[in-house]
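*Asks:* Mind looking over this structure? Questions follow.
The values are calculated or read from the model by the stated rules, or taken from the named source; none is laboratory data. On a predicted model such as this, the values are computed, not experimentally measured, just so you know. Cβ: placed from backbone, ideal geometry, glycine included. Neighbour counts: every protein chain shown. Calculation scope for accessible area: heavy atoms of the full protein, side chains included, ligands and nucleic acids excluded. Shrake-Rupley method; radii C 1.70, N 1.55, O 1.52, S 1.80 Å.
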Amino acid sequence: GCNPLAETGRSKLQNQRAVLNQQILRAVRMRAGAENLLRATTNNKVREQVLLELSFVNSDLQILKEELEGLNISVEVYQNTEKTFSIPMVPLGLKETKEVDFTLPLKDFILEHYSEDSSEYEDEIADLMDLRQACRTPSRDEAGIEMLISYFLQLGYVENRFFPPTRHMGVLFTWYDSFTGVPVCQQNLLLEKASILFNIGALYTQIGTRCNRQTQAGLENAVDAFQRAAGVLAYLKETFTHTPSYDMSPAMLNVLVKMMLAQAQECVFEQIGLPGIRNEFFTLVKMTQEVAKVGEVYMLVNTAMNQEPVKENIPYSWSKLAQIKSDHYKALAHYFIATILCDHELQSGDDEDQQEKALSQLYDYMPEGLIVLTILKDKVQRKQLGKAHLRKAIVYHEEAIRVCGLCKKLRNIDVLQEVLTAAHKRSLLKYAQQETEDDFLSLIQAPDILPKTEHKIETIAPQFSKVKVKDFFHRLGPLTVFSAKQRWTAPRAIYIHHEAGELGFSLKGGSPVQIYCLDPFCSAASMGLKEGDYVVSVGGVDCKWLGVNEVLEKFKSVGEQPIEIEVIS
C-alpha cells in the first residue's frame with residue numbers, strides 16, 4: 001500500500017472522508033439517543049428541549065452529509081495532471097474502515113478446531129493483518145488493484161479455514177458508507193469481502209479518471225478502466241445481494257454500473273475525434289450518431305439517478321453532471337448534422353444514393369413534407385433544416401450552461417465551464433454565418449437524431465484467476481479436509497509395528513492419505529486405528545500434503561523399526 005501519511009491530494013481527501021465519517025457517526029448516535037428519550041419521556045418541558053436538540057442534530061447531520069457529497073464530487077483531485085480541455089469524469093472514493101485484530105479469534109480457533117499450537121501461526125496472522133492494513137491505502141495503479149484482489153482471494157481461504165457457517169467468530173468488521181458516511185458493523189466476513197470488491201471498482205474508476213485523455217493510449221486505458229470498474233460493481237451486485245451498506249445496495253450499484261459504462265462510451269467518442277474531425281459528409285454522419293449515443297446513455301444515467309431510492313443519497317452534483325453531459329452531447333449531435341446540411345451541397349460527382357441512405361439513417365422520422373432526397377438536392381430546404389438543427393443545438397447548450405450554474409460544486413470546475421461555453425459559442429457563430437433569408441419560413445422543428453455506435457461498450461468481468469495467491473494458512477493442510485465446516489477428532493498417536501513385512505493396512509486418496517483395507521486383527525487396529533482415518537504425520541514429520549507414494553516411502557525408510565504416526569477421524 002501507499003504511505004498512509006503521504007500528503008497527496010487523494011490521501012488528504014480520504015483523511016477528510018475518515019474524519020467526516022466519525023462526525024456523522026457521533027451525530028447519528030446523538031440523534032438515536034434523543035429519539036429514544038423522546039419516546040420514553042412524558043414531561044413536556046423535557047420533550048421541548050429534546051425536540052430543539054433534535055433539530056440541531058438533524059441540521060448538523062445535513063451539513064456533514066453535504067460536506068461528504070462535496071468530497072464525492074472533488075473530481076479535480078482525481079483527474080489527469082496535464083492541462084486538458086476535457087469534461088471531468090466522476091471517480092468513486094474508497095470506502096473507509098476501522099482496524100481489525102484477527103490475532104485472538106484465529107489463535108483460539110487454531111487451538112480448539114485444528115488442535116495445533118497456535119503460537120506457530122503468529123507470522124501468518126500478522127501477514128494477513130498487514131495485507132488488510134495495506135489495502136486501506138492502495139496505490140492508484142495495476143499494483144494497487146492486484147493487492148486488493150489478492151486480499152479478496154485470501155479472504156476466501158480465511159472464510160473456509162476459520163468461519164464456520166453455524167457460529168460467529170467474534171471478529172467485528174466496520175465499514176463506512178461511501179455516500180452517507182454511516183458505519184455498518186457486522187461479524188460477517190461477507191461485509192469485508194463486499195467492501196473490498198467495492199474498493200476494487202472504486203480504484204478502477206480513479207485509474208480511469210487519471211488517464212491522459214489527450215492521447216490514444218490514455219483514452220484506451222480509460223475505456224478499459226471504466227469497463228472493468230463496471231464489471232467489478234456488476235459482479236458485486238450479483239454476488240452479494242443482501243449487503244447492509246447503502247452504497248452497495250442493488251439499486252445504487254445498478255446506477256454506478258450505468259455511470260461507468262457511460263463514461264467509457266464518452267471516452268470512445270473522444271477517441272474517434274482525437275485525430276480531428278474531418279469536415280466531410282460521411283465522417284460527420286458517423287460522428288453525429290456516435291455523439292448522439294453518448295447523449296442517450298447519459299440521459300439514461302440521469303433518469304436512473306433521479307429514481308427512488310437512489311435519489312436520496314446520490315450526490316446532487318453527480319446527477320446534474322449527467323444531465324449536463326446529456327444536453328451537451330445532444331447539442332453536439334445537432335451541430336454536426338447542421339454542419340452536414342449547411343456545408344455540403346450535393347455536387348455532380350457525389351454518390352446521391354449513398355448520401356441519401358446515410359442521412360436517412362440519422363432520423364427516425366422526417367418533419368411533414370420533407371423527403372431526404374429532396375433536402376439533399378434543394379439548397380433552401382437544406383439550409384432551413386440545418387438552421388433548425390442549430391437552433392436545437394443552441395437550446396441544448398443553453399440548458400447545459402443553466403444546469404451547471406445551478407450547482408455550486410460544478411460552477412467551480414473551470415474546465416467544465418470553458419468546454420460548455422466554447423461549444424455554445426461555436427453553434428451561435430455557425431447560426432450567424434447562415435443567410436437570414438426566409439427565416440420566417442424556416443420554423444420547422446429539427447427531428448430527433450437516432451443514436452448508434454460501432455463500438456459496443458460492455459462490462460469486463462473481474463479476472464481473479466490472473467492474480468496468483470498462496471493461502472497464508474497452507475500449513476493447516478488441504479482445504480478439502482481441513483476447513484471450518486469439517487469436524488474431526490484430536491490427532492491420536494499410533495505405533496506401527498511391521499508384522500512379517502506387512503503394515504496391516506493400505507493407503508488411498510490424495511493428500512492427506514486415508515487408511516484403507518485395515519486388518520481388524522493387526523497391532524495398529526488394536527491401538528485404535530480405524531478404517532478411513534487420515535494420516536497427518538509420520539515419525540513426527542507433518543504429512544498432510546503428501547500423497548500415498550510419499551507416505552509409503554516414509555514407512556520404508558525406517559525398515560523394520562516401529563514408527564509413530566498421528567491420525568484423525
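*Asks:* Using 0.36 nm per residue of separation minus the Cα-Cα distance, give me the extension gain between Asn254 and Arg278 in nm, one decimal. Could you put the intermediate results ahead of the total?
*Replies:* Numbers: separation 24, 0.36 × 24 = 8.64 nm, distance 3.72 nm.
Going from the current span to full extension adds 4.9 nm.
*Asks:* Now a separate question. Students often get this wrong: which residues of region 87-108 have the backbone nitrogen under 18 Å from the point 7 angstrom along Cα-to-C-beta of Gln214?
*Replies:* It comes to 87-89, nothing else.
*Asks:* Loop-only trypsin sites (Lys or Arg not before Pro) in region 183-218, please: DSSP not H, G, I, E or B, and at most 14 other Cβ atoms within 10 Å. Let's see the in-between values first.
*Replies:* Values: sites: Lys193, Arg210, Arg213; in loops: Arg213.
Answer in residue order: no site qualifies.
*Asks:* If the cut-off is 13 Å between C-alpha atoms, which aspartates and glutamates fall inside it for Lys430, apart from same-chain ones fewer than 8 positions away?
*Replies:* Within reach: Asp343.
*Asks:* With a cut-off of at most 16 other beta carbons within 10 Å, and DSSP calling the residue loop, which trypsin sites (Lys or Arg not before Pro) in region 465-494 qualify? Please list them. Intermediate results must be reported in sequence, preceding the final value.
*Replies:* Numbers: sites: Lys466, Lys468, Lys470, Arg475, Lys485, Arg487, Arg492; in loops: Lys468, Lys470, Lys485, Arg487.
Here the trypsin sites (Lys or Arg not before Pro) that fit, given the DSSP loop and packing criteria, are Lys468, Lys470, Lys485, Arg487.
*Asks:* Any chance you could list P(r) for region 163-277, counting all Cα-Cα pairs in 10 angstrom bins from zero, rounded to whole %?
*Replies:* 14, 38, 26, 15, 6, 2, 0
*Asks:* Right, something else. Quick check on my link table: of Lys258/Lys392; Lys237/Lys258; Lys425/Lys452; Lys508/Lys544; Lys530/Lys556, which ones sit more than 24 Å apart, alpha carbon to alpha carbon? Walk me through the intermediate numbers first.
*Replies:* On the way: Lys258/Lys392 27 Å; Lys237/Lys258 13 Å; Lys425/Lys452 26 Å; Lys508/Lys544 13 Å; Lys530/Lys556 21 Å.
From the list (Lys258/Lys392; Lys237/Lys258; Lys425/Lys452; Lys508/Lys544; Lys530/Lys556), the Cα-Cα distance tops 24 Å for Lys258/Lys392; Lys425/Lys452.
*Asks:* Could I have the simple spin-label model distance between Ile63 and Lys357, label points 7 Å from Cα toward Cβ, reported in nm to one decimal?
*Replies:* Using points 7 Å along Cα→Cβ, the separation is 6.6 nm.
*Asks:* Now, a different point. What net charge do the residues around Cys267 carry, taking every other residue with its C-beta under 10 Å from that of Cys267, with Lys and Arg at +1 and Asp and Glu at -1?
*Replies:* On the way: positive: Arg213; negative: Glu220, Asp224, Glu266, Glu270.
Once positives and negatives cancel, what remains is -3.
*Asks:* Roll a 1.4 Å probe over the protein chains and send me the accessible area per residue for the chain in Å². Write out the running numbers ahead of the final one.
*Replies:* Details: 26890 Å² over 569 residues.
Ligands and nucleic acids excluded, the result is 47 Å² per residue.
*Asks:* Based only on Cα atoms, what mean projected area does the convex hull of region 488-568 have, in nm²? If you can, show how the numbers build up before the last one.
*Replies:* On the way: hull surface 18.5 nm².
Across all orientations, region 488-568 yields a mean hull projection of 4.6 nm².
*Asks:* At most 14 other C-beta atoms within 10 Å and a DSSP loop state: those are the exposed GluC sites (Glu not before Pro) I care about. Give me the longest piece of the chain that has none. Don't jump to the answer; show the numbers that get you there.
*Replies:* Working: sites that count: Glu7, Glu82, Glu99, Glu280, Glu345, Glu368, Glu435, Glu437, Glu454, Glu458, Glu531, Glu560.
Longest site-free region, per DSSP loop and neighbour criteria: 100-279.
*Asks:* Excluding Cys185 itself, what net charge comes from residues whose Cβ is under 14 Å from its Cβ, given Lys and Arg +1 and Asp and Glu -1? Don't jump to the answer; show the numbers that get you there.
*Replies:* Details: positive: Arg29, Lys95, Lys98; negative: Glu96, Glu99, Asp177, Glu192.
Taking every Cβ under 14 Å from that of Cys185, the sum is -1.
*Asks:* Right, something else. Residue separation times 0.36 nm, minus the C-alpha to C-alpha distance between Leu38 and Glu499: what's the value? Please report the intermediate quantities before stating the final value.
*Replies:* Numbers: separation 461, 0.36 × 461 = 165.96 nm, distance 8.23 nm.
Difference between extended and current length: 157.7 nm.
*Asks:* Could you point to the label whose value was computed as Cα extents along the principal axes in Å for the structure here, given [x] 124, 89, 58; [y] 116, 55, 37; [z] 115, 80, 41?
*Replies:* [z]
*Asks:* Let me ask something else. May I ask for the longest run of the chain untouched by chymotrypsin sites (Phe, Trp or Tyr not before Pro) that are loop-located per DSSP and have at most 14 neighbouring C-beta atoms (other than their own) within 10 Å? Before the final figure, lay out the partial values.
*Replies:* Working: sites that count: Phe85, Tyr365, Phe521, Trp545.
The longest such stretch corresponds to 86-364.
*Asks:* Then there is this: Explain nothing, just the number: relative contact order of region 488-568, from Cα pairs under 8 Å at least 6 residues apart, as a whole percent.
*Replies:* On the way: 150 pairs, mean separation 33.0, N = 81.
Relative CO of region 488-568 lands at 41 percent.
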